[in-house]
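Worksheet for the structure shown next.
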Amino acid sequence: MRKVLSVSLALMAAAALIVAQDKGKGGGKGGGKGGGIVLPPMIKLTVAGTQDLGQFPAANAGNAISPAISWSGAPANTAAFVLLFHDPDPAGPLLQGKATADVTHWIVYNIPGTATSLAANFPAGDQPDGTKQGGNITGQAAYMGPGPPAGHGPHHYTFEFWALSGKIEPTANTRDAIMAAMDGKVLAKGYMVTTFENK
């Protein structure tokens, strides 16, 4: 009996030692140095007049006046940025029986990798620094502010932001084409959700 107990204790001590060594090498769930999945850094987005999970600024809703947007934490080798502003909570005819549907309010791409912000009331169309804008849900290459149906409840207006290793040349000036052109170039991403409601 004592011999069995001694063997059991020896096995438990060996197992504890292996686990401790594995954690020291970064083999735990956290994916530390030397093991696990290495995730890219998250870019921090700041939208003037609101915060993450906050109310979208009323001054920038229902019109073509975009809020000022800034960011930090992008990789040093970033060559371009892409910004998407969209509403995943459409209503009525937009659904058309689909399981998912989405409203594109603004998509901006080929923002220079040295940039750290977009000014408020950003002009429509292509910019002198090479920044371009894709078509929103109306087909215009410009910002379109939130305007959910009255009484439909709060919609989740979502900002997605990518750092890319190079500029993109989409086959068309649409959201789908811009997103497809980003494949293989994404270095890091930022994400921010706001809400807005027309009562």
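The values are calculated or read from the model by the stated rules, or taken from the named source; none is laboratory data. Keep in mind it's a predicted model, so treat the numbers as computed, not measured. Every residue, glycine among them, receives a Cβ derived from its backbone with ideal geometry; neighbour counts consider all protein chains shown.
Looking at ALA150, ALA181, ALA163, ALA188, just one residue is touching a residue at least 12 places away in the same chain (Cβ under 8 Å) and under 20 Å from ASP87 (Cα atoms), and that residue is ALA150. Looking at ALA142, ALA80, just one residue is under 28 Å from LYS199 (Cβ atoms) and assigned by TED's automatic domain parsing to the domain that holds LYS185, and that residue is ALA142. Mind listing whichever residues of region 84-107 are in contact with a His (Cβ under 9 Å, 6 or more places away or on another chain), part of a loop (DSSP other than H, G, I, E, B) and of a type outside the set (A, V, I, L, M, F, W, C)? Result: PRO88, ASP89, PRO90, ASP102.
Restricting to region 166-178, count the residues that are touching a residue at least 24 places away in the same chain (Cβ under 8 Å) and of a type in the set (D, E, K, R). Total satisfying the criteria: 2. Using the structure shown, decide if TYR157 is over 16 Å from the mean Cα position of the chain (by Cα), modelled with pLDDT of 95 or more and assigned by TED's automatic domain parsing to the domain that holds ALA115. Judged against the criteria, TYR157 is not a match. Among the listed residues LYS3, LYS23, which satisfies the condition of being at pLDDT below 95, farther than 30 Å from ASP183 by Cβ, assigned to a helix (DSSP H, G or I) and in contact with a Gly (Cβ under 9 Å, 6 or more places away or on another chain)? The conditions single out LYS23. Hey, any hits in region 99-121 for a residue that's in the same structural domain as GLN55 (by TED's automatic domain parsing), more than 23 Å from ALA48 (Cβ to Cβ) and of a type in the set (A, V, I, L, M, F, W, C)? Yes: one or more hits.
Of all residues in region 37-75, those being hydrophobic (A, V, I, L, M, F, W, C) and loosely packed, with under 14 Cβ neighbours inside 10 Å number 7. Take GLU197 and tell me if it is surrounded by 15 or more Cβ atoms within 10 Å (Cβ to Cβ) and touching a Pro at 6+ places or on another chain (Cβ under 6 Å). Here the answer is yes, as GLU197 does meet what is asked. Quick check on region 76-89: of everything there that is over 15 Å from the mean Cα position of the chain (by Cα) and surrounded by fewer than 20 Cβ atoms within 10 Å (Cβ to Cβ), which residue is modelled with the lowest pLDDT? Here the answer is ASP89.
Limited to region 93-147, what total is found for residues that are among the hydrophobic types (A, V, I, L, M, F, W, C), without any contact (Cβ under 8 Å) to a residue 60 or more places away in the chain and under 22 Å from ALA163 (Cα atoms)?
8
Within region 126-150, the set of residues being within 21 Å of the chain's Cα centre (by Cα), under 22 Å from ASP176 (Cβ atoms) and assigned to a loop (DSSP other than H, G, I, E, B) comprises THR131, GLY134, GLY135, ASN136, ILE137, ALA141, ALA142, TYR143, MET144, PRO146. Scanning region 108-125 for residues that are assigned to a loop (DSSP other than H, G, I, E, B), of a type outside the set (Phe, Trp, Tyr) and within 21 Å of ASN60 (Cα to Cα) gives THR116, ALA119, ALA120, ASN121, PRO123, ALA124, GLY125.
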